[in-house]
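Data first, discussion second: the structure below is written as structure tokens.
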Amino acid sequence: MATKKAFTLVELLVVIAIIALLMSILIPALARVRMQAKTVICQTALKQWSSIFAMYTGDNDGDFQPGPEVPWNNQAKAGEWLDALEPYYKTMDIAVCPMATKCWGYAWPPNVGWCHLEGGRDWFQVAEGEYGSFGINYWVTNPPPDKQWYDPQKYFRRADVHNSAQIPLFLDSLWIGRWVNSTDFPPENIYDYGGPPMPGIKDFCLDRHGKGTTNILFLDFSVRRVDLKQLWTFKWHRTYEFDGPWASLGGVEPSDWPDWMRQFKDY
């Protein structure tokens, strides 16, 4: 009689071990691919915003929007990019990076403020239907004389400025916008956010895309992925000092950075 063929226990264990090995190799690779894809989608969204800013400035003699009415007010929307640019975009979805976690709740007053996560926040909502995970460099606004918060000589105001490829315009952020100065210090941990009014760089210094990187739309309307420690090397305003305490020219040492940032590339 013909004998029935079957896998032995050893053969089954070998097959299972091979499958497990392949899964251990493929799953991290797939995770990296998904993260890279979301980063590209984020950059694509910023590129769409570059067209929106270009259309706005083109319709306003090269000038940017006026910016916030007051330096710190969750409900003051007039002059903000959310409202000023509203005629140029159809959905707020392009204002949220896919790497930003879904909003879990709201701050006080109800339905206005930043959106909380477990121990932190990742994107904001300023009003019903107005939300995002990108923020503007407030020095790239054109406030009227009675609304020029801080030094009026620091504002760029227009798109046609020198060295625009090194001027951050719009980027991954935990709030709608911030003023940044060379003396701004980094967040002590991933939940150490900025506040009214400084240091503004805290809300831009977030490891949303892994390996200490973030996405930035620059004033020349180009989009680049940059390292977090590079944030202190860009020209945030007209009188920005490149030898600040967190720049290499200012003598910053690797050990000066908070623990969570020390592993990232130095500049």
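For Tyr150 paired with Ile41, estimate the spin-label separation in nm (one decimal), with each label point 7 Å from Cα along the Cα-to-Cβ line.
3.3 nm
Express in whole angstrom the spacing between the alpha-carbon centres of the stretch 132-207 and the stretch 77-99.
Result: 17 Å between the Cα centres.
Can you give me the long-range amide H partners of Gly177? Hydrogens built in the peptide plane at 1.01 Å from N, cutoff under 5 Å, separation of 5 or more residues or another chain.
Close amide H contacts, sequence-distant or interchain: Ile136.
Using a Förster radius of 41 Å, what is the FRET efficiency between Asn60 and Leu249 based on their Cβ-Cβ separation? Nearest 0.05, please. All intermediate terms of the calculation are to be shown ahead of the outcome.
On the way: r = 36 Å, r/R0 = 0.88.
The pair Asn60/Leu249 has a calculated efficiency of 0.70.
For labels at Phe242 and Asp227 in the simple 7 Å Cα→Cβ model, what's the distance in nm?
The two pseudo-label positions are separated by 1.7 nm.
In nm, give the distance between the simple-model label positions of Val15 and Asp83, each being 7 Å from the Cα along the Cα-to-Cβ direction.
6.6 nm
A short reminder: the numbers here are calculations on the coordinates, not readings from a lab. As the structure is a computational prediction, the values presented were derived from the model and not from experiment. As a convention, Cβ positions derive from the backbone with ideal geometry for all residues, glycine included, and neighbour counts pool all protein chains shown.
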